[in-house]
Amino acid sequence: MRTTPIAVPAALAALLLLTACAGGDEDGDGKRESTACSVDTVSVEVGPASAAPAAGDTGEVPVVLTNQGAACTLDGFPKATLVGVSDSATFGVPPAEGAKAQKLTLAKGESASFTLTYERGTRGNGAFNAENLQVELPGDSSGPGVRSFRWTYGPVAHDSQGGHKISVGAYQQAGD
């Protein structure tokens, strides 16, 4: 009968020990701390672009992220959204066909980039007349986490499936 009271505290001690060993990533509320990069600690620069000069031409808009804080992770695709005049319409930019997301860890001062590739359209011909580009980072839990930039590259052509001819590429390590 004495073994039961001793076994329960031993099992409880083992459980507490295992919990303490796994605790390095917890914030005290039992929730895992995020290592995702946040727009609060990452600078974002859009361009210079290789803009499409005329309808039917293809353009590329690079976006560079530079980590200004502690090491953080980019895991998945960037979220890019085109916003129409006066926020009247939005269009979420899909990943490029065949692109594969990769997980990148950025130390302080390191950079990553992604590219938006689009086809310029003709105004009023089903093209999306974007006014702004909004960029969000995957897993960013710092709040709204959106950076907005002026879209000066002309209307984006429509495709035959009811979407538009624009896509976002995967993150790539930038710099050395």
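The values are calculated or read from the model by the stated rules, or taken from the named source; none is laboratory data. Just so you know, these numbers come straight off a predicted model, no measurement behind them. Reconstructed Cβ throughout: ideal geometry from the backbone, glycine too, with neighbour counts over all protein chains shown. Quick note on the areas: whole protein, heavy atoms, side chains included, nothing else; ligands and nucleic acids left out. Shrake-Rupley method; radii C 1.70, N 1.55, O 1.52, S 1.80 Å.
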(message) Just to be sure before I move on: is Y153 part of a loop (DSSP other than H, G, I, E, B), in contact with a Gly (Cβ under 7 Å, 6 or more places away or on another chain) and within 18 Å of V46 (Cα to Cα) in the structure I sent?
(response) yes
(request) Quick one: count up the residues across segment 70-84 that are among the aromatic types (F, W, Y) and over 12 Å from A170 (Cα atoms). (result) 0
(request) Go through segment 156-176 and count every residue that is more than 17 Å from P95 (Cα to Cα), among the hydroxyl-bearing types (S, T, Y) and not in a loop (DSSP other than H, G, I, E, B). (result) 0
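Taking segment 32-47 only, how many residues are under 16 Å from S111 (Cβ atoms), assigned to a strand (DSSP E or B) and open to solvent by 40 Å² or more (accessible area, probe 1.4 Å)? Let's see the steps before the verdict.
Step one: list which residues in segment 32-47 are under 16 Å from S111 (Cβ atoms), which gives 37-39, 41-47.
Okay, now just the ones that are also assigned to a strand (DSSP E or B), so 42-46.
Keeping just the survivors that are open to solvent by 40 Å² or more (accessible area, probe 1.4 Å) gives 43, 45.
Total meeting the criteria: 2.
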